1. Quick one: the Cα spread of the stretch 192-276 along its three principal axes, in angstroms, biggest first?
2. Using a 1.4 angstrom probe, figure out how much accessible area the stretch 37-83 has per residue, in square angstrom, rounded to the nearest whole.
3. To the nearest 20 Debye, how big is the dipole of the stretch 32-179 about its Cα centre, given +1 on the beta carbon of each Lys and Arg and -1 on that of each Asp and Glu?
4. So, in nm, how far is label residue 17 from label residue 344 when the simple model puts each one 7 Å beyond its Cα toward the Cβ?
5. For the modelled label position 7 Å from the Cα of residue 159 along Cα-to-Cβ, which residues of the stretch 367-395 have backbone nitrogen atoms closer than 16 Å?
6. Using 0.36 nm per residue of separation minus the Cα-Cα distance, give me the extension gain between residue 264 and residue 183 in nm, one decimal.
7. Work out how much length residue 363 to residue 53 would gain on full extension: take 0.36 nm times their residue separation and subtract the Cα-Cα distance, in nm to one decimal.
8. Only helical DSSP H runs with n ≥ 4 go in: add -39500 (n - 2.57) per run for the chain, normalise by residue count and round the 222 nm mean residue ellipticity to 500 deg cm²/dmol.
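The values are calculated or read from the model by the stated rules, or taken from the named source; none is laboratory data. Here the structure is a predicted model, which means the values were calculated and not measured. Don't worry about glycine lacking a Cβ; one is built from the backbone with ideal geometry, like all the others, and counts go over all protein chains shown. All accessible areas refer to the heavy atoms of the entire protein, side chains included, with ligands and DNA or RNA removed. Shrake-Rupley method; radii C 1.70, N 1.55, O 1.52, S 1.80 Å.
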Amino acid sequence: MLVKPFGGLEAKSTEVERMNCPPYDVVNLEEAKKFSADTHSFMRIVRPDSIAKGGEDIYEIAAKELNRFIDEKLFIKNEKPSFYIYSQKMLSHVQTGLVACVPASAYPEHIKRHELTRKEKEDERMKHILATRAHTEHVFLMYRSQKEIKKLMRIDLGKHLYNFKTENPDTTHNIYRIEDDALIQDITHAFQNVDTFYIADGHHRASASVRVAAEMGGTGEWNYFMATIFPHDELQILGYHRIVKSIDGSESNFLRKIKDAGFDIKKTYNKPPELSKHTIGMYMEGEWYSLKAMDVDDSDLINALDVSILQERILNNILGIKDPRTDPKLDFVGGVNGFEDLKKAVDAKAYKVAFYMYPTEVESVMEVADKNMIMPPKSTWFEPKLRSGFLVHTF
């Protein structure tokens, strides 16, 4: 695979604590507004709706804000095409990736997906990229780990640009610029031995970038988009949990239906169950349950996923939730928000039942993508997330 160094916009080192923010699509509007209250927050660029007033074009706002950041020297142009190393430490977990540009033309044959995208979300990001003339956020990619590449990803080989911490979860972020021409060449050569990148997070950013490249045509930086690329064996996926507002009947009848659907049910009372593959935790009416799925055909790659088992046997067949993307009875809780948040949601009576999920395996994501298959919605929650606002790829 081709990886390309780029001369991007770099955040002013003394301002990166204020500038960095979560990816645009993991916060709601109210959360985005809290970030955007700080005039140095990058959220004002990636979520311009958080500062827009009635009737204003949000994409014009994004472009104006990016230009303001440049004019005020919050972003400084790095004239020399460079790679960057992005290292994250969350508790004892460490992952180290390469920030580079990758060719839009490699999607989807060599930059593979495992999720479907929604056209309206693609359209929104496409308009944002065209208005700002920039890829403002990373696409989170992974590759099958190779020792040669890992040896080149030593942080002591780069210039240390940033160190900052974020909360929930507590994560330290370090970014280094690789300036040595020989090392840039070695990294470029090493990645030529990688046949495939897999999208971990950022499917809509990737597909929107591909559409921008096709619309603009010709040759130029718009034919490449910014990505951070990690070896698969350094990544972790946390559970992506479900909460449901009603069960349409008594608890005892609901439990009976779950048993009839092929689950071995055990009550664990006020303690969440130990999870393992094909065992789902459930919280209802102040009690925890262990739901062990029986008669699972593990040769069926998609239907053997725990999120598929829950969706088909319980959400669809029992609760009538046919489309998990749109049904108002169903909500999702990301992996960093564990069983305590699920319990709070149900105890507050906003939801009737919560399902605590065992994480999908990283290898399963790659296998699904290799077979050009699609996982159910909200199957993976990679953590830690990449932060935005310290690098921008412009064209």
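1. That works out to 64, 31, 23 Å along the principal axes.
2. Ligands and nucleic acids excluded, the figure is 50 Å² per residue.
3. Around 480 debye, computed over the stretch 32-179.
4. Calculated label separation equals 2.6 nm.
5. So the set is 391-392.
6. Details: separation 81, 0.36 × 81 = 29.16 nm, distance 5.53 nm.
Value of the extension gain: 23.6 nm.
7. Result for the pair: 107.1 nm of gain on full extension.
8. -7500 deg cm²/dmol
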